[in-house]
Amino acid sequence: EGLIEFYDSFKDMFEFFCKNTTIHGTIRLVCSDSNRMKTAFWTLLLLSSFGMLYWQFALMFSQYWAYPVVLTMSMHSEPKMFPAITICNLDPYRFELVSEHLVQLDRMAEESITFLYGINTSARLFHLNDRNIHVKDLSNIGNLSRSSFKLSQNFSLLRTTDLRSGKKHSSVGFRLCNATGGNCFYKTYSSGMDAILEWYRFHYMNIMSQLPVIINISDHEEQIEDMVYSCQYDGEPCRPSDYVHFHHPVFGSCYTFNSKGTDPFWTATKPGIPYGLSLILRAEQKDHIPLLSTVAGVKVMIHNHNQTPFLEHEGFDIRPGIATTIGIQQDEVNRLGGNYGKCTTNGDDVNVKLLYNNSYTLQACLHSCFQHIMVQKCGCGYYYYPLPPGAQYCDYNKQPAWGHCFYQLYSRLRNHHLNCFDQCPKPCRESLYKVSAGTAKWPSAKSQDWVRQALRHQNGYNSTSNRKDIAKVTIFYQQLNYQSVNESPLLTENLLLSSMGSQWSLWFGSSVLSVVEMFELLIDTLVLSLLFCYQRLRSKKTLR
Amino acid sequence: PGVTMSHCLPCRYSAMKEYLSELDKETKKALETFYGFSDGKSKVRRSVDKWNSTGGDFFQQIPLLKVEDFSRTATDLHSGQKRKIEGSVFHKDSSIVNSGDSNDIIGFQLCDANNSSECALYTFSSGVNAIQEWYKLHYMNIMAQIPLETKEKLSYSADDLLLTCFFDGLSCDKRHFTRFHHPLHGNCYTFNSGENGTILSTSTGGSEYGLQVVLYIDEADYNPFLVTSTGAKIIVHDQNEYPFIEDIGTEIETAAATSIGMHFTRSRKLSKPYSDCTETGADIPVENLYNKSYSLQICLHSCFQKAMVDSCGCAQYAQPLPAGAEYCNYKKNPNWMYCYYRLHEKFVKEQLGCQQICKDACSFKEWALTTSIAQWPSTVSEDWMLRVLSWDKGQKLNKKLNKTDLANLMVFYKDLNERFISENPANTLVILLSNFGGQLGLWMSCSVVCVIEIVEVFFIDSLSIVMRRQWQKAKKWWNDRKGAGSGKPPQASPVERQGHDNPICIDEDLPTFNTALRLPLPQDSPLPRTPPPNYSTLRLETAFTEQLPDTLELSQH
């Protein structure tokens, strides 16, 4: 004592605090010493306002930590690019390399159907295939030797019957076993149609796995003119370099218009049908693989630039003999990410390595995730998804048990037992296209003749019958301004602090400094009690 | 994610030809008389004739009076006595009246059975509408007499309807469908209704993960007057929502593959006091007749049905029965049709008060559908597929399937993005308080404590002082009286006057107004006080008093 003047007792300290602190009400506590009731009242008041303050604080913090967002919707109308359009003719190639196997497979399917449904049912089932099979020649990739592929007879279609609830219930399916031949299960379907389709798909994947991974189709004689008879955008004919061609194992040859979105030709200038993309398409059905897909027409998908089109997910069907006008409207969603919700800006921070060399989408991530697990667990890749480096597609000549492995894995994915859904967040910035369509018969009975005549002259269209095999599609912006939905935080740190300050001043009339004062009081109490202890110890010593 | 979807599969008319043959015959007779064509070669006539022989007994038990009556008036009309019949009074309820010169306006007249002068003539600009409406009216009459079990049996079963079913990459069958009977549309099937406890959910968006079904639709079995379009109706709704298939169904076509992509939107409004909506419908005085969760549609239908039972004495057929009521039919309630039309007119003009009673539901779910159609089956696959499907179906059906009997339907989520629109109060209690505190702090640097201080000083303290004064007065008055009574006033009064000096009374002494305003000074810390005033007048006085003896002395000297 001397340099640091200190309180003599707790009472002193407490009184000093109460009189000099900036917290309202403490002074009343001391000054109403003479009246016990008042003291009690002020103590109660102080405590209750203290309680109120912290209750409000708790509410505020719990609100803040829930990270609420508000959506602000705004309309933008700056000029933008027309979206990428992918069209597919639902007519996959029969590549020369595998065509023989496909014919074998068709025979096998024929035999199975005969076996299951009797002889007369499949009498003229594949007459079309025998007559003219359009074979895709891949001779310029000459160094590929014929692989020793053999169709497996192990997976034949069977009919199982069981008596359930007194009624005979029959289902059709095929058996899948693991590598040692055990742990077998039947993949059964209540309808024979589904069973045959799935069975055919399974064999088809095995056959197609022999094909080289990268087939350079664009070098081939396949021309866009064979499928797209007429293409106009904004009243001007499309340029031949505007499309990208790829082959999909189920949906056939596909063309993507405006896939990069950089060419100023595709800038959307005006909304409305005359300024959209207008296509006349061939929707012929003669080369179909009849057991692979049962629908006829053309698939159209509207998607973002640099995005892999997943036609099986969002494809829009176009009917032959019909003119379809598709109006699109763009919606943009911007997510905040971070604490406010899981999302990824470009997919770099996602654990899954994307197998598609396009921009990140949730679907692409899920497919890649599944393919990685598939390669890891079953040792080979699923045919419909791209391959990771070093892996190869499944083939039951090499991996006899892959079907068993695949179907089990697939059902685990469906039931969310694989953590693909946790690993793949949504993209932070998403563009959605809302589609609404109207249809009309085209060409009309009156105009049919001259339309066909014109097409025949110009495009070598050679159909004379009245069969519906052409379709017209017009895709246009309904309005050029697009809605963008932006997330923004409801409570920022600034807002939180200012409302905290407001609460403080409401209940105590004080500021952050009063908090410091409270801390000071605490520290003082500690120091004082230490001092007293020390004094007592010393006095005991001196007494002795 | 727990995304569920539920579908009502197309509803189809039952093969109730035996009940309807008489009605069909009369309708055709009407068509002949008005439009002069006979459709003797049509399928309907054939089946009617066929059924007539088997169902004749049944008809004698329940004779259709109205229909016979109608035929009489119709023939009257045909003979050219138009004016006369319009002027005359119809005793029976309904009949088709051709009131126009040739066949431009057609309608029917409904009369009050009790007071036959009150008639209403309902006309339609097109004969198609008139006949359909008239047919529907009679159809309801007939159906109201048939018990539900019979109707369910007569309608098609799930087995008949479904050829294939595929959901989320797995096979499904009729066990995943639950039946409910729609009064007008017959049997409907709901996929994933959640009735057996499990609700299926899709793993991802895309058509291969959705529901894919092939439906068998027998065009020849359609009632020619009730429905004029072929196909099926589908509706996407929540598990505990009632499917109003006649109001918001999407129609699908035969011989085509219809793929329906869905976007899911969930909305939630704040209930009172923010808006006038209801959470469960329990606060609305209309009983929910549908066994499903509340919606505005349900409330309006229930309200109308209640009004119908109250004023007409029987329930309308297309809506569920309230407790204790029964469906209207000619025999028991001959007056019901007139009553129904009057009531319906009132309902549409919002005179029944239903629109005022019923409130919006606070939360609702909505599915935005995008439909695209492809040709199906394709010409190359048609062959094998029809054969396989025919064989699958073969156990019950003898004929070979035609592609116009089939409809392929795919229902799927386009993506699993769910749009959730919810209202939040803009000003919560926390925000209100903090705004209050902010303003108070900014302008007055004041808090709740200082507000309470003001309250304490101006109300509690001053009140207590006034009370104390009053108390003392009362006490004094009392003592005075007592003193006067006992005869010892001079002893009591001096004690009372010096009450605040009395040591016993000091504890009870409440602070006075002045002490409360000026904070009492603690006694143990003596602050320097201003010295007592040192007036010069006082000194003068003393000087004067001292001087006075001086002067006296001087004068003495």
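The values are calculated or read from the model by the stated rules, or taken from the named source; none is laboratory data. This structure is a prediction, so every number in the text was calculated from the model and none was measured. Methodologically, a virtual Cβ is constructed for each residue, glycine included, from the backbone with ideal geometry; neighbour enumeration extends over all protein chains shown.
Of note:
Per-residue answers, yes or no, for (1) under 30 Å from residue B:138 (Cβ atoms); (2) touching a residue at least 40 places away in the same chain (Cβ under 8 Å); (3) more than 14 Å from chain A (Cβ to nearest Cβ):
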{"site": "B:150", "(1), (2), (3)": "yes, no, yes"}
{"site": "B:161", "(1), (2), (3)": "yes, yes, no"}
{"site": "B:179", "(1), (2), (3)": "yes, no, yes"}
{"site": "B:197", "(1), (2), (3)": "no, no, yes"}
{"site": "B:206", "(1), (2), (3)": "no, yes, no"}
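- Qualifying positions in region A:185-197 - more than 7 Å from chain B (Cβ to nearest Cβ) and over 15 Å from residue A:396 (Cβ atoms): A:185, A:186, A:195, A:197
- The listed residues are A:340, A:356, A:393, and the only one of them that is surrounded by 20 or more Cβ atoms within 10 Å (Cβ to Cβ) and touching a residue at least 12 places away in the same chain (Cβ under 8 Å) turns out to be A:393.
- The criterion of at least 3 residues that are among the aliphatic types (A, V, I, L, M) and within 14 Å of chain B (Cβ to nearest Cβ) is met, among helices (runs of 4 or more DSSP H) falling completely within region A:348-443, by A:362-378.
- For region B:255-307, filtering for residues that are more than 14 Å from chain A (Cβ to nearest Cβ), in contact (Cβ under 8 Å) with a residue 40 or more places away in the chain and among the β-branched types (Val, Ile, Thr) leaves 4.
- Any hit, region A:420-434, residues being farther than 16 Å from residue A:298 by Cβ, among the charged types (D, E, K, R), in contact with a Cys (Cβ under 7 Å, 6 or more places away or on another chain) and modelled with pLDDT of 85 or more: yes
- Identity of the residue in region B:223-281, surrounded by fewer than 19 Cβ atoms within 10 Å (Cβ to Cβ) and among the aromatic types (Phe, Trp, Tyr), that ends up farthest from the chain's Cα centre (by Cα): B:274
- Among (1) more than 9 Å from chain B (Cβ to nearest Cβ); (2) in a loop (DSSP other than H, G, I, E, B) - the single one residue A:323 does not satisfy: (2)
- Residue count, region B:207-244 (criterion: among the hydroxyl-bearing types (Ser, Thr, Tyr) and farther than 22 Å from residue B:183 by Cβ): 3
- Residue ID - nearest to residue B:461 (Cα to Cα), chosen from residues in region A:1-29 that are surrounded by fewer than 17 Cβ atoms within 10 Å (Cβ to Cβ) and within 12 Å of chain B (Cβ to nearest Cβ): A:19
- Residue list for region B:196-245, restricted to those being touching a strand residue (DSSP E or B) at 6+ places or on another chain (Cβ under 9 Å) and at positive phi: B:206, B:231
- Scope region A:39-61; condition exposed (fewer than 14 other Cβ atoms within 10 Å of the Cβ) and more than 60 Å from the chain's Cα centre (by Cα); matching residues: A:40
- Check on residue A:488, out of contact with any strand residue (DSSP E or B) (no Cβ under 7 Å at 6 or more places or on another chain) and of a type outside the set (A, V, I, L, M, F, W, C): no
- When residue A:101 is tested against (1) surrounded by 18 or more Cβ atoms within 10 Å (Cβ to Cβ); (2) over 37 Å from the mean Cα position of the chain (by Cα); (3) of a type outside the set (Gly, Ala, Ser); (4) more than 14 Å from chain B (Cβ to nearest Cβ), just one condition goes unmet, and that condition is (2).
- Filtered residues of region B:431-468 (kept if within 49 Å of the chain's Cα centre (by Cα), small (Gly, Ala, Ser) and in a loop (DSSP other than H, G, I, E, B)): B:447
- Residue identified as more than 30 Å from residue B:444 (Cβ to Cβ) and part of a helix (DSSP H, G or I) among A:529, A:488, A:514: A:529
- Boolean, residue A:36 is assigned by the TED database to the domain that holds residue A:504, surrounded by 19 or more Cβ atoms within 10 Å (Cβ to Cβ), more than 60 Å from the chain's Cα centre (by Cα) and free of Cβ contacts under 8 Å to residues at least 40 places away in the same chain: no
- Qualifying residue in region A:514-522 (condition: crowded, with 16+ Cβ neighbours inside 10 Å and within 9 Å of chain B (Cβ to nearest Cβ)): no
- Pairing residues of region A:507-527 that are touching a residue at least 12 places away in the same chain (Cβ under 8 Å) with residues that are in a helix (DSSP H, G or I) and among the hydroxyl-bearing types (Ser, Thr, Tyr), at Cβ distances under 6 Å and at least 6 apart in sequence or on separate chains, gives A:507/A:49.
- Residues that are assigned to a strand (DSSP E or B) and either assigned by the TED database to the domain that holds residue A:193 or at pLDDT below 85 (or both), drawn from region A:292-308: A:296
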